[in-house]
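**Student:** Take a look at the following structure, please.
Every read-out reported here was derived from the displayed coordinates using simple, explicitly stated rules and does not represent laboratory data. Since we're looking at a predicted model, the values are computed, not measured. Note that each Cβ is placed from the backbone with ideal geometry, even for glycine, and that neighbours are counted across all protein chains shown.
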Amino acid sequence: MGDYANARKRKSESGIAMMVALLSLVLLSAVGVGLMYMANNDTMVSANYRETQNGYFAARAGLEEARQRLMPDPTDPNHIVGPSAAPTSASGIMYIVNPDNDDGTINPWNNADTNVFRDTQLCWENFQGAGLNLSKPSESGLPCSSLPGGTPTTFNSIDPGRGTRGAIPYKWVRISTKVNQSTAPYCPNNDCSVASDTVMCWDGSQQVPKKAAYPNCETNDANARSEFSTVWRLTSLALTRNGSRRMLQMEVANDPPIVTNGAVQSKSHVTLHGSLSINGWDYCSCLCTYDSKGAVVGTCTDRPGKVCDRSRWGVYSSEGVYQSGGGTVTSARVPPIAADMGSDFVTDIPGMIDRLRARPETVDVRQAPYNWVCSGTPVSCGSRSSGQFGVPPTFPITYDANGNPIGPNQSTQVTYIPGNVRLTSSAMGNGILIVDGDLDIHGGFNFYGLVLVRGVVTFSGGGSDNVNLQGGLLAGENSIDLTDGTTVGGSAVINYDNCALQREEALRPPRQVVFRELAF
């Protein structure tokens, strides 16, 4: 009986191993299919991310091409002269187009729904006040419902793959002048009270509205005095072959040229004494007769092909100017000294210093070949004899057609001194000398270019040099004792020279001021 029961039990368990094997196979198959779908999803996510990144960097490449071509180099055949007025019509808008071999004609100005390259962002930039009549949808996030008539200026991209399958997939870059409320309700410096169509200018540190009396940012008066530069808005569309669409925007501006309102310009009061000679005529654009010490003894006349700059003072000060002794201050301005200018002193000296010292070519005296030790509070670099910061040209200076001094053995550099310093024993230089503190010059000086000082200057004598400074002196104020001002005395000779001020503005693409990604 026991054997019979055991036999029945074994018979009832037959096939269990197969069932377990089948269930395990089904379970493993489900896990395998799941893993396969997960892998496929990860691959698709990675591919989509890679495609969107391709679109992003393609759009960025378009912005960088526009930036490069806006660099002020008239010798470059691909240079683009950007607009300077508000975009009152289609003629105030520029496009760089970059089709591949399948795109055909790219026309961002065509607002048809079938045009995948249409400019869907333009109507959201509040150009209505500037006179550009654009119809904007009632809801944000929608493309422009219409664009104005007319034909914008169009340039072909210089991408070497343009018109081929290898073209970078950015399709166009729009170049337009920025106006005050083009990103309203966000306005530059949080000031939306300025008229919406006011062109924005760059002063080297911030955006400011163009003054109504100025024709444009680059031309501030009849003498074409340039203290600002136009802010351009660049908008780039990229559309990859797999349909990834990215739109980026950048606001750029050239750093404004370095100018001074006089041969000596000071934020603090100025004291003049001794037999000094300060000349506000532009030596670069005027032909004058000078004595052996560089003082004007003749009448300034126009040089062939040049217009004399009669706008500069000999001395220009935010506060008072005090003069004693037999020195002379010469200028086309009457009187040649401008004192107590107060709020008219708009030059941002700290901003200029911060901008110039950050340039890669700027030489910091704490590094080779100078290796100065500057320490303390405030920082002091001590007394330095026979400092050489480039080699100036020989006086009297003659110029070539481009405003460069003619003559051998010249070298130029931008030099940064990080604190107070005393220069003795006939220091010399060429380019820009930046003193991030107070400057004391004693025992001669020979410099061609700009001397830029955060604090005040004490110049006690001219020494044996015929001309001590050919260019301009731009000084600030003493941050510790505001009663101290700039002092120029002895036999110092300082001549204003616009060519000397402009030489260090090396060619470089416009500065990126703002960068953003757009959703439209």
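**Student:** Based on the mean of other Cβ atoms within 10 Å per residue, sort peptides 99-106, 264-271 so the most packed one is first.
**Tutor:** Per-residue mean Cβ counts within 10 Å order the peptides as 264-271, 99-106.
**Student:** If I model a spin label as a point 7 Å beyond the Cα along the Cα-Cβ vector, how far apart are those points for Ser385 and Thr328 in nm?
**Tutor:** Each label point is offset 7 Å from its Cα along the Cβ direction, giving 3.5 nm.
**Student:** Moving on. For the stretch 380-439, what are the per-bin percents of Cα-Cα distances with bins 5 Å wide, up to the bin holding the maximum?
**Tutor:** 5, 16, 23, 23, 13, 10, 8, 2, 0
**Student:** Something else about it: Could you list Ser317, Ser380 so that the one with the fewest beta carbons within 10 Å of its beta carbon is first and the one with the most is last?
**Tutor:** Lowest count first: Ser380, Ser317.
**Student:** To continue, here is another question. For the chain, what is the mean residue ellipticity at 222 nm derived from helices alone (per DSSP H run of n ≥ 4: -39500 (n - 2.57); sum divided by total residues; nearest 500 deg cm²/dmol)?
**Tutor:** Result for the chain, helices only: -5000 deg cm²/dmol.
**Student:** Using the alpha-carbon centroid of each, what span in Å lies between the stretch 178-207 and the stretch 52-85?
**Tutor:** Taking the Cα centre of the stretch 52-85 as reference, the centre of the stretch 178-207 is 22 Å away.
**Student:** On to the next question. Mind putting a number on the dipole of the chain about its Cα centre? Charges go on the C-beta only, +1 for Lys and Arg and -1 for Asp and Glu, and I need it in Debye to the nearest 20.
**Tutor:** It comes to approximately 1580 debye.
**Student:** Plugging the Kirkwood radius over Cα pairs into Stokes-Einstein for the chain, at a temperature of 37 °C and a viscosity of 0.692 mPa s, what D comes out in µm²/s?
**Tutor:** Calculated translational D: 121 µm²/s.
**Student:** Still on this structure: When you have a sec, figure out the Kirkwood radius of the stretch 376-500 from all distinct Cα pair distances and drop it here in Å to one decimal?
**Tutor:** Value: 14.6 Å, from the Cα pair sum.
**Student:** Determine, from the Cβ-Cβ distance of Asn216 and Val116 and an R0 of 45 Å, the FRET efficiency 1/(1 + (r/R0)^6), rounded to the nearest 0.05.
**Tutor:** The pair Asn216/Val116 has a calculated efficiency of 0.80.
**Student:** Starting from 0.36 nm per residue, how many nanometres of slack lie between Thr75 and Leu25 once their C-alpha separation is accounted for?
**Tutor:** Taking Thr75 through Leu25 to full extension adds about 10.5 nm, to one decimal.
**Student:** Run the numbers for Asp103 and Asn242: contour at 0.36 nm per residue of separation, minus the present Cα-Cα distance, in nm.
**Tutor:** 48.7 nm
**Student:** For the chain, what are the DSSP H helices with axial Cα length of 24 Å or more and mean Kyte-Doolittle hydropathy of at least -1.0?
**Tutor:** TM-like helix candidates: 16-69.
**Student:** Then there's this: Using only the alpha-carbon atoms of the stretch 262-502, report the extent along each of the three principal axes, biggest first, to the nearest angstrom.
**Tutor:** Sorted largest first, the three principal extents are 49, 41, 31 Å.
**Student:** Here is a follow-up. Run the numbers for Asp364 and Thr153: contour at 0.36 nm per residue of separation, minus the present Cα-Cα distance, in nm.
**Tutor:** 71.5 nm
**Student:** Kindly give the semi-axes, whole Å and largest first, of the ellipsoid equivalent to the stretch 235-283, taking each as the square root of 5 times a Cα gyration tensor eigenvalue.
**Tutor:** Those come to 55, 12, 5 Å.
**Student:** Just to verify a number: FRET efficiency for Ser138 and Thr52, C-beta to C-beta distance, R0 = 35 Å, to 0.05? Show your work: numbers first, answer last.
**Tutor:** Numbers: r = 29 Å, r/R0 = 0.83.
Efficiency for this residue pair is about 0.75.
**Student:** How far apart, in nm, are two points set 7 Å out from the Cα along the Cα-to-Cβ line at Ala17 and at Thr299?
**Tutor:** Going from the Ala17 label point to the Thr299 one covers 12.4 nm.
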